[in-house]
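Below is one structure, written out as structure tokens; comments come after it.
What follows draws every value from the coordinates through simple rules; no lab data is involved. Predicted, not measured: the structure shown is a model, and the values here were computed from it. Using ideal geometry, Cβ is built from the backbone for each residue, glycine included, and neighbour counts are taken over all protein chains shown.
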Amino acid sequence: MDEICKFLAKNGEEVTLRPVISDDATQIINALRSASQERSYVLMEQYGKDVESERHYISRMDHRNNLLLGAVVSGAVVGCLAALQADEGRREETAHILQIGLHLKQTYRGLGIGSQMLQYAMTWAKEHGFKKLEASIFTTNKRSLNLFSNADFTDEGIRRKRFRIGSDYFDEVCMGRLLE
């Protein structure tokens with residue numbers, strides 16, 4: 001697989017998918033913060049709290065077993081996908097699993113970019129010997145649930161009141177896809 005993939009989004013704009021670099025840190029944080037707290041809460045907890053911690057996160061990551069993918073339009077990062085080895089690869093029993101998180105700026109949703117990002121991640125995962133992809137999605141995030149369902153992820157269960165944000169509780173759907 002080529003590291004860089006280009007395609008036209010449904011709105012006619014050229015999109016480049018590529019692994020992110022440390023210099024993308026500011027744009028990644030801006031993309032993550034572009035939507036409601038509910039949609040990006042989990043991603044923000046993993047990375048993206050500030051520019052320096054994001055740069056450090058990207059630079060220290062094991063890029064052989066983890067993928068940070070950026071969707072770039074006109075030189076700006078409009079979305080990112082994290083495919084992270086389960087349990088940071090520390091457990092042999094789960095080392096075959098990649099956990100997926102995906103976020104797109106609101107104005108770039110529904111244009112086929114998320115589907116292309118998932119396809120890229122699936123191809124990358126197969127080439128790197130992974131056997132399963134997993135995603136955890138708020139039950140209120142219908143667009144993401146549809147995106148993953150359309151990519152042949154199946155519902156593996158619901159965790160009730162999994163996250164508390166302020167005084168609100170959110171359920172989480174666990175989805176998975178086997179790579180064969």
Based on the inverse mean of 1/r over its pairs of different Cα atoms, what is the Kirkwood hydrodynamic radius of the range 119-180, in Å?
-> 12.5
Counting every Cα pair in the range 5-135, what percent are over 22 Å apart?
-> 33
Pairwise label distance in nanometres, Phe7 with His128, each label 7 Å out on the Cα-Cβ vector = 1.9
Using the Karplus equation 6.51 cos²θ - 1.76 cosθ + 1.60 (θ = phi - 60°), what ³J(HN,Hα) coupling, rounded to whole Hz, does each residue of the range 164-177 give in order, writing x for Gly and Pro?
-> 10, 10, x, 9, 9, 10, 10, 7, 10, 9, 9, 10, x, 9
Under 5 Å from the placed amide H of Arg162, counting only residues 5+ away or on other chains, we find Phe170, Asp171, Glu172
The chain - percent relative contact order, Cα under 8 Å, separation 6 or more = 18
Between Leu178 and Asp50, with labels modelled 7 Å along Cα→Cβ, what's the label distance in nm to one decimal, could you check?
-> 4.6
Paramagnetic label zone (point 7 Å from Cα along Cα-to-C-beta, Ser115; backbone N under 20 Å) in the range 142-158 = 142-155
About its Cα centre, what dipole magnitude does the range 5-135 give when the only charges are +1 on Lys and Arg Cβ and -1 on Asp and Glu Cβ, stated in debye to the nearest 20?
-> 320
